[in-house]
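Asker: Can you keep this structure in mind? I'll have questions shortly.
Read the figures in this text as sums done on the coordinates, not as results from a lab. Keep in mind the model is a prediction, meaning the values are calculated, not measured. Don't worry about glycine lacking a Cβ; one is built from the backbone with ideal geometry, like all the others, and counts go over all protein chains shown.
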Amino acid sequence: MNNLPCKKYETLLAAQAFGDLNSAEEHKLRAHLAECRDCRNFLMATEMALGKLGAPQRPEMPEHFWGGYWHRLAQRLEQEAAGAPTADSVFVRLREWLREKWVAQPLFMPLARTAGILALLVCGVIIGHYWWPANRNEQPTLVSTVPPTIPVAQTRAEQWLERSKILLIGMANEDLSGATQPDFSHQRQVSRTLLTEARTLNHELDPAANRQLLQLMSQLELILLQIANLEAEHDLSAVELVRDGIARDGLLLKINIAELAQQAQPRPVAPQKSKRQSSEIL
Amino acid sequence: MANDEKELIRRLQAGETSAFRELVENHKRALFNLAYDLLGNAQDAEDISQEAFIKVYHSIGDFRGDARLGSWMYRIVVNLCLNRRRKKAWSEMELRESFEDDATHAPTPTSDHEANPEKTTEAEMIRQHLRRALDLLSPQQKTIFVLRHDDDLPLAEISKILKISEGTVKSQLFRALRKLQEELAFYKADFVA
């Protein structure tokens, strides 16, 4: 490959290759070529390339092609006038416009893919939020046999018991002899939440049908109250009192029995939080 | 503008079918050849040239006569060809995505004369290589090169057709020539010989 020709003479060289210079320009270029080898080489190589390229080779269309040209054109015009679908239909034009203006842009494909992924995610979230929970609730035919308010309260009571049990198990098994003092601030917070819920459940549960459950709940409320009122993370003596209360009243055992009793009752399958969800709450 | 052409335009704008036929008969070969030079395919060339005539038929009322009728029609053909090339590039891009393991990215021989290897002499091989190299130019560069080299239009006329300055035409022409030379480096020995 030759060296690049002089930038200043590029346009003159291009015009000279096709014989498009006026006499003044030609004179100027000739003077330059006399002393510039790169420009001379460029011009020579260009002339050779154009010589090799030669005249354009076009197909020799038969005479009937040219003879029928007007007829075919007239047919197209007639079709267009009759409203037959042509390449200029609105849909085709719109599609082409979109392609030219947007799709041909280099950033279109990455952006389109990203937008597609985002759209899928949004659809997933919407489906998960609106459709899936509703679908999970639509299961048993038993729903129709039981009044709706009580099962909901019973289910919530069962969940309340489960969460209380997990909290008490955690308190009972906390290692208090370690080098670092345990922090019960989270348990205090959970206890307060459970106490608030217990007040609501006490109003909602039917006392006649849930006598034992309500008794157990009141016992648990006492313990929860103790936990909620722990002074600070170093209040170990108060923690010991909580543990004693759990053991003395056999609360964990009572919760298990109450859960078994609840499960033995015919009732609709209500949404239950998984173990993972319960532990997240705690 | 010649008086004959003015009269033809007047008759066209008056909606005379015979004037339109006269226009078609006078320019059909030139428009077909230009489209063929730009697209390298006879079927596309006929389609584009007819589309150009249809556009002329519908838009002649807007023609103000500030350019020659021929230049105006050339501009229409050039624009249609550029659009057609974009569409083809899009289709090829879709195909390339489907067949990513294509052996080569070299331009495919789409033109009639490239697909018809009647002559396999060395000179013909170089000529075909050069023609294929034209497809590597940008659409504007190829258009300018074809209009100047194949259709022998003056630079001033090309600048009017493409609505760009004559200086831009020359600089684009220079770049086209440079690219052609780069493509032909392989045959440098032939040039020297």
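Asker: If you count, for every residue in A:57-63, the Cβ atoms of partner chains within 10 Å of its Cβ, what is the mean?
Answerer: Numbers: counts 13, 11, 10, 0, 7, 0, 0.
Partner Cβ neighbours, averaged per residue: 6.
Asker: Please average, across the residues of A:34-44, the number of beta carbons from any other chain that are within 10 Å of each residue's own beta carbon, and give a whole number. The partial results should precede the final answer.
Answerer: On the way: counts 0, 0, 0, 0, 0, 0, 0, 1, 4, 1, 2.
That works out to 1 on average.
Asker: Just to check I understand the Karplus step: with θ = phi - 60° and J = 6.51 cos²θ - 1.76 cosθ + 1.60, what whole-Hz values come out for region A:221-229, glycine and proline as x?
Answerer: Coupling constants for region A:221-229: 4, 4, 5, 4, 5, 4, 5, 4, 9 Hz.
Asker: On to the next question. Which distance in Å, rounded to a whole number, links the C-alpha centroids of region A:30-48 and region A:198-262?
Answerer: First find each Cα centre; the distance between them is then 101 Å.
Asker: Using the structure shown, select from B:88/B:142; A:8/B:170; A:7/A:28; A:8/A:52; B:28/B:88; B:87/B:163 the pairs with a Cα to Cα distance greater than 20 angstrom.
Answerer: Working: B:88/B:142 16 Å; A:8/B:170 12 Å; A:7/A:28 15 Å; A:8/A:52 27 Å; B:28/B:88 24 Å; B:87/B:163 22 Å.
Too far apart for the 20 Å limit: A:8/A:52; B:28/B:88; B:87/B:163.
Asker: Other chains near B:174-184: what is the mean number of their Cβ atoms within 10 Å of each residue's Cβ? Before the final figure, lay out each step's value.
Answerer: Details: counts 12, 2, 1, 12, 8, 0, 6, 8, 1, 1, 6.
What the average comes to for B:174-184 is 5.
Asker: Taking neighbour Cβ counts within 10 Å as the exposure measure, how do A:167, A:260, A:50 sort from fewest upward?
Answerer: Details: A:167 22, A:260 9, A:50 16.
Result, fewest neighbours first: A:260, A:50, A:167.
Asker: Now, a different point. If you add up the charges near residue A:195, with Lys and Arg at +1 and Asp and Glu at -1, over every other residue whose beta carbon is less than 11 angstrom from its beta carbon, what do you get? Each step should come with its number before you reach the end.
Answerer: On the way: positive: A:188, A:192, A:199; negative: A:197, A:221.
Within the 11 Å Cβ shell, the charges total +1.
Asker: Among A:70, A:160, what is the fewest-to-most ranking by other Cβ atoms within 10 Å?
Answerer: Working: A:70 16, A:160 20.
Fewest-to-most Cβ neighbours within 10 Å comes out as A:70, A:160.
Asker: Where Lys and Arg each count +1 and Asp and Glu each count -1, what net charge lies around residue B:151 among other residues with Cβ under 10 Å from its Cβ?
Answerer: Values: positive: B:148; negative: B:37, B:150, B:152, B:157.
Counting the neighbours of residue B:151, the net charge comes to -3.
Asker: Can you give the net charge of the other residues whose Cβ lies under 9 Å from the Cβ of residue B:34, counting K and R as +1 and D and E as -1? Each step should come with its number before you reach the end.
Answerer: Values: positive: none; negative: B:37, B:150, B:151.
Overall, the nearby charge balance is -3.
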